[in-house]
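The values are calculated or read from the model by the stated rules, or taken from the named source; none is laboratory data. Everything quoted here is computed from the prediction, not taken from an experiment. Every residue, glycine among them, receives a Cβ derived from its backbone with ideal geometry; neighbour counts consider all protein chains shown. For the accessible areas, the whole protein counts, side chains as well, though only heavy atoms, and no ligand, DNA or RNA atoms are used. Shrake-Rupley method; radii C 1.70, N 1.55, O 1.52, S 1.80 Å.
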Amino acid sequence: MNPAAAHQPIGIFDSGIGGLTVAHAVAKALPQEQLIYFGDTAHLPYGDKSADAIRFYCLKIAKFLLDRGCKMIVVACNSASSAGYEVLLEFFREQALFVNVVDPLVEAASRLGLDRVGVIGTKATIHSRVYQSRLAHARPEMEVGALATPLLAPMIEEGFVHNRISKVVLDTYLSDPVLRNIEGLLLACTHYPLIKADIRQWFRHPVHILDSTDVVVDIVRQKLEQRALLSDHSPSEAHRFYVSDYTEAFEKATKLFYGARVHLEEVPIW
Ligand code: DGL
């Protein structure tokens, strides 16, 4: 990697605003870092896109963040991490540090030493089989039941959380035989931390529920520390939140994911 400086920002991107759950966790744990967030709202949802399309979006967004001097790029989207992470490394590993959301979750799950886990995420994430193969590699004896749950992300974005509708949708997905007798469940979508409590409540027996916000921050800190790139004083500039297509509804929904409403700036990169 080319020389970077600790004061440079951390770039974080997602297909939309779901990755704000990760941005919020990073901002809270590392308040001395400046964040530049990019939500590709023009192409949302990534979960229904082909791997080739997602790879193309990832490259363009990474370029946008690198042009703004990011020392690290966090791919805060499981669909993008599954389809696009390798290609990002191939093109840009010399220019910044990269973090995805898949590897930290896989590591956390294998550390728990469970015999049977479930994974839920978008179609792009589950059909890529990235989780299934990384988990098999990390802990070959572990059984993995993976289920695409495409209704969850739009449901959460519309604020259907902890209500009658979300209960029925969750009940339908979590009752799927693929998830029977699991001891742990990986929430392989950055929208899902918002329904973690509802998911936990659904299970009648104790199940370890793992989401990316819990584990990504540690990897971000670790990687920056290793390169002496952790910022040690408050950022001179405020965090920036960019989207590729602005609507008031997106801006309003940022409150759900970031805990506070943030100002979105449109940058038409397409
Ligand atoms: N937040 C995205 C993820 O983690 C899902 C939303 C989408 O389909 O774009 O996969």
For residue 216, are the conditions met, namely being over 20 Å from residue 37 (Cβ atoms) and not in a loop (DSSP other than H, G, I, E, B)? no
All positions within the range 92-105 that are in contact with a strand residue (DSSP E or B) (Cβ under 8 Å, 6 or more places away or on another chain) and part of a helix (DSSP H, G or I): 92, 102, 105
Every residue from the range 1-16 that is closer than 26 Å to residue 245 by Cα and surrounded by fewer than 24 Cβ atoms within 10 Å (Cβ to Cβ): 8, 9
Would you pick out the residues in the range 35-69 that are open to solvent by 40 Å² or more (accessible area, probe 1.4 Å) and outside any helix (DSSP H, G or I)? 42, 44, 45, 49, 50, 68
Suppose the filter is at pLDDT 95 or above, within 16 Å of the ligand (Cβ to nearest atom) and in contact with a Pro (Cβ under 9 Å, 6 or more places away or on another chain); does residue 79 pass it? yes
Among the residues of the range 17-28 satisfying the criterion of being open to solvent by less than 40 Å² (accessible area, probe 1.4 Å) and modelled with pLDDT of 95 or more, which is nearest to the ligand (Cβ to nearest atom)? 19
Every residue from the range 229-270 that is open to solvent by 80 Å² or more (accessible area, probe 1.4 Å), more than 20 Å from residue 64 (Cα to Cα) and either touching a strand residue (DSSP E or B) at 6+ places or on another chain (Cβ under 7 Å) or in a loop (DSSP other than H, G, I, E, B) (or both): 232, 233, 234, 236, 261
Being within 21 Å of residue 149 (Cα to Cα), in contact (Cβ under 8 Å) with a residue 24 or more places away in the chain and of a type in the set (Val, Ile, Thr) is the requirement here; does residue 178 meet it? yes
Can you tell me which residue within the range 196-213, out of those that are within 16 Å of the ligand (Cβ to nearest atom) and touching a Gly at 6+ places or on another chain (Cβ under 8 Å), is most open to solvent (accessible area, probe 1.4 Å)? 210
